Amino acid sequence: MTHQLPATARLGLGGMALLLVLAGSALPAAATPADSTRTPTAATVEEQRLDRAAPREILRRSGFDALAPRFERALKHAKSYAQAERTVTRHASALWRRAVDRAQGRGPATGDLSRGDDRPLYWARLALSRELRAWKPRFDLDDERRGALHTALETASRGQSDIRHPGHRTKRVLVTGFDPFTLDRDVRIGNPSGASALALDGTLVRTADGPARIETVVFPVRWADFAEGAVERALARQLPHLDLFTTVSQGRQGRFDVERTNGAWRGGFADNENASSTGLVPVADPATQPQWTSTTLPYRQLTEADTGRFPVYDNTEVTEIPAGGTQPVTRPDGPTPGSAARAGGGGDYLSNEIAYRVTLLRDRLGLPDLPGGHLHTPVLQFGAANTDPRTGTVTDAEFERNRADIVDQVRELVRTAVGAAG
């Protein structure tokens, strides 16, 4: 995911202590989670988009429109915070599992949208979130606890509570995806990285070295969540148990990119809440924060293998301010010594940031040999006659083909990476 889209080990005691620091908020301890400062009954910018025609159609045509009313009825029966927490977690987990099962052909195919569509999960999560925000409980519920319920909803409905590691004879792989974004440009948009996460979660791929099990999670397109440590909280305990990881997002048209270098810079492109953030990526212990991190994915094998319809590039370009300089310079072959980051290979949006955060986490946990990095997918495009969001339909045959081809190639690239990593 770049803002170019319209045109972007085992742990000892010391390691465990570091893990606990990294799993916490990247902001100072006094910082307040965004949800706990919002008026409980005020819908967010993302939730307000639910009233547009395309999201309503996507929910109706997938059968996911029934989930928010069920959630609302269940919340009304909660007589305590503990009951409310169980209700939120149960419905959020069921939403994730239903989306995964639908994508992988299990259970009834409710509605006439294709099973592989990632958009019902996104819009249904927001529908649940809006119900929770408007809910008036029978008991006292302060902003902090209401915010904790929203966090539980986000965590469980994004697969972050659903990670299951196999035995040691099966390799362990983690893949991350993203929500749809740039929705004010076209509210019909899906994200092939999110669709890939649903299609791959809990699946096995075969390699020459044996099977590998893939677990997946999906992250929001919101600067604040990343600044509050959402990535580190979700993944810090997972990385030491993995054989390979890759963060995935939507990037350029017609190509995959293996991003060689990630930069510690936010470029300010608006997120799904129409919020902007520019400056150094906020992480724990900024005094030791590097300007750049690097992929440890087997990029040569990924670019050379026949993995599908789209070409795969080893992208080494970055934008930096050279040591002693004041103006940004684009470098085709990576950063120069002492430079300050202004864009990684994946740009300066949240795709670059998740790649930076997870590879920095890898390095800080003392896992230099763990293969991991970022993969950009092609842009998921509608058919040539369906490009105008004012008159277009929510799906078409080319859109479905493009998504299926991208997802299939992500699966093959993961399989190739696991096999090449040995």
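Please verify whether the stretch 355-364 includes one or more residues that are modelled with pLDDT under 95, open to solvent by 30 Å² or more (accessible area, probe 1.4 Å) and either farther than 19 Å from Asn191 by Cβ or among the aliphatic types (A, V, I, L, M) (or both).
Here is the first cut: in the stretch 355-364, the residues modelled with pLDDT under 95 are none.
Within the stretch 355-364, none of the residues are modelled with pLDDT under 95, open to solvent by 30 Å² or more (accessible area, probe 1.4 Å) and either farther than 19 Å from Asn191 by Cβ or among the aliphatic types (A, V, I, L, M) (or both).
Take the stretch 376-398 and flag every residue that is open to solvent by 10 Å² or more (accessible area, probe 1.4 Å), within 27 Å of Glu412 (Cβ to Cβ) and not hydroxyl-bearing (Ser, Thr, Tyr). Full working, then the answer.
Step one: filter the stretch 376-398 for residues open to solvent by 10 Å² or more (accessible area, probe 1.4 Å), giving 379-382, 384-393, 395-398.
Next, only the ones that are within 27 Å of Glu412 (Cβ to Cβ) stay: 379-382, 384, 395-398.
Hits for the stretch 376-398 are Val379, Leu380, Gln381, Phe382, Ala384, Asp396, Ala397, Glu398.
Consider Arg164 against the criteria (1) of a type in the set (D, E, K, R); (2) buried (at least 22 other Cβ atoms within 10 Å of the Cβ); (3) in a loop (DSSP other than H, G, I, E, B): it satisfies all of them except one. Which criterion is unmet?
Against the list (1) of a type in the set (D, E, K, R); (2) buried (at least 22 other Cβ atoms within 10 Å of the Cβ); (3) in a loop (DSSP other than H, G, I, E, B), Arg164 comes up short only on (2).
Kindly list, by first and then second residue, each pair from a residue in the stretch 365-392 that is of a type in the set (Asp, Glu) to a residue that is open to solvent by 20 Å² or more (accessible area, probe 1.4 Å), limited to pairs with Cβ atoms under 8 Å and residues at least 6 apart or on different chains.
As it stands, the answer is Asp369/Ala9; Asp369/Thr296, since those pairs meet every condition given.
Among the listed residues Gly194, Gly190, which satisfies the condition of being outside any loop (DSSP other than H, G, I, E, B), open to solvent by less than 10 Å² (accessible area, probe 1.4 Å), in contact with a Pro (Cβ under 8 Å, 6 or more places away or on another chain) and at pLDDT 95 or above? Steps first, answer last, please.
Numbers: Gly190 fails: outside any loop (DSSP other than H, G, I, E, B).
Every option except Gly194 fails the conditions.
What are the residues in the stretch 170-183 that are of a type in the set (D, E, K, R) and more than 19 Å from the chain's Cα centre (by Cα), if any? Let's see the steps before the verdict.
So in the stretch 170-183, the residues of a type in the set (D, E, K, R) come out as 171-172, 179.
Passing the criteria: only Lys171.
When you scan the stretch 225-300 for strands (runs of 3 or more DSSP E) that lie fully inside it, which ones turn up with 3 or more residues that are charged (D, E, K, R)? Quick ask: steps written out before the conclusion?
On the way: elements: 244-250, 256-259, 261-263, 265-267, 278-280, 292-294.
By residue number, no strands (runs of 3 or more DSSP E) qualify.
For the stretch 390-416, which residues satisfy the criterion of being closer than 25 Å to Asp314 by Cβ, in contact with a Ser or Thr (Cβ under 7 Å, 6 or more places away or on another chain) and of a type outside the set (Lys, Arg)?
Ile406, Val407, Gln409, Val410, Glu412, Leu413, Val414, Thr416
The values are calculated or read from the model by the stated rules, or taken from the named source; none is laboratory data. Small disclaimer: the values here were computed from a predicted structure and weren't measured. Because the Cβ atoms are built from the backbone with ideal geometry, glycine has one as well, and the counts that use them run over all protein chains shown. The accessibility values were calculated without ligands, DNA or RNA, using every heavy atom of the protein model including side chains. Shrake-Rupley method; radii C 1.70, N 1.55, O 1.52, S 1.80 Å.
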